[in-house]
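The values are calculated or read from the model by the stated rules, or taken from the named source; none is laboratory data. Since the structure is predicted, the reported quantities are computational estimates derived from the model, not experimental observations. Reconstructed Cβ throughout: ideal geometry from the backbone, glycine too, with neighbour counts over all protein chains shown.
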Amino acid sequence: MSNRIAVFRKEHFNAAHRLHSLLLSDEENAVTFGKCNYSNYHGHNYELIVQVRGEVDPITGYVIDMKVLSELIKREVVERFDHKNLNLDTEEFKTLNPTAENIAIVIHGLLRPHLDKRYDLKITLYETERNYVEYPCE
Ligand code: NI
């Protein structure tokens, strides 16, 4: 039997955003996104769960050193987005609509290059307690 296993690291960040698509008119944006399109922004406490899957190393007993994973997430994600206005303060969402979907995909793209190819990476992002996304979802 394989000794592949999933390990998870939770982090969180607070950020403001406004849902607004440059591909829609102002009226279409208002209809599509409702309150989330209000021009003065609103905030969320984002809960981020980073899943790494891989083989247990026979020497260390680890899949990955969780301290290294935590520091990577803090450096690449938390420091970049925490207490920021995603639309105004970040390069990633200058033109990309900062939905939970897009934020999760961006976070995956920020972390993936720093993880060895032997690992599978999955991002779960809670925008509220009841709304969350997973990427990738296969
Ligand atoms: Ni929102």
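Things to note:
- Any hit, the range 61-80, residues being within 22 Å of residue 22 (Cβ to Cβ) and modelled with pLDDT of 95 or more: yes
- Failed criterion for residue 116 (all others in (1) within 15 Å of residue 15 (Cα to Cα); (2) more than 14 Å from the chain's Cα centre (by Cα); (3) surrounded by fewer than 17 Cβ atoms within 10 Å (Cβ to Cβ) hold): (1)
- Verdict on residue 94 being touching a helix residue (DSSP H, G or I) at 6+ places or on another chain (Cβ under 9 Å) and more than 15 Å from the ligand (Cβ to nearest atom): yes
- Count of residues meeting criterion [in contact with a Lys or Arg (Cβ under 8 Å, 6 or more places away or on another chain) and either within 22 Å of residue 98 (Cα to Cα) or surrounded by fewer than 13 Cβ atoms within 10 Å (Cβ to Cβ) (or both)] in the range 56-75: 1
- Within the range 76-113, the set of residues being in contact with a Leu (Cβ under 7 Å, 6 or more places away or on another chain), within 20 Å of residue 40 (Cα to Cα) and surrounded by fewer than 17 Cβ atoms within 10 Å (Cβ to Cβ) comprises 95 only.
- Residue in the range 20-29 that is under 18 Å from residue 124 (Cα atoms) and surrounded by 13 or more Cβ atoms within 10 Å (Cβ to Cβ) present: no
- Residues (more than 16 Å from the ligand (Cβ to nearest atom) and loosely packed, with under 14 Cβ neighbours inside 10 Å) located in the range 32-55: 55
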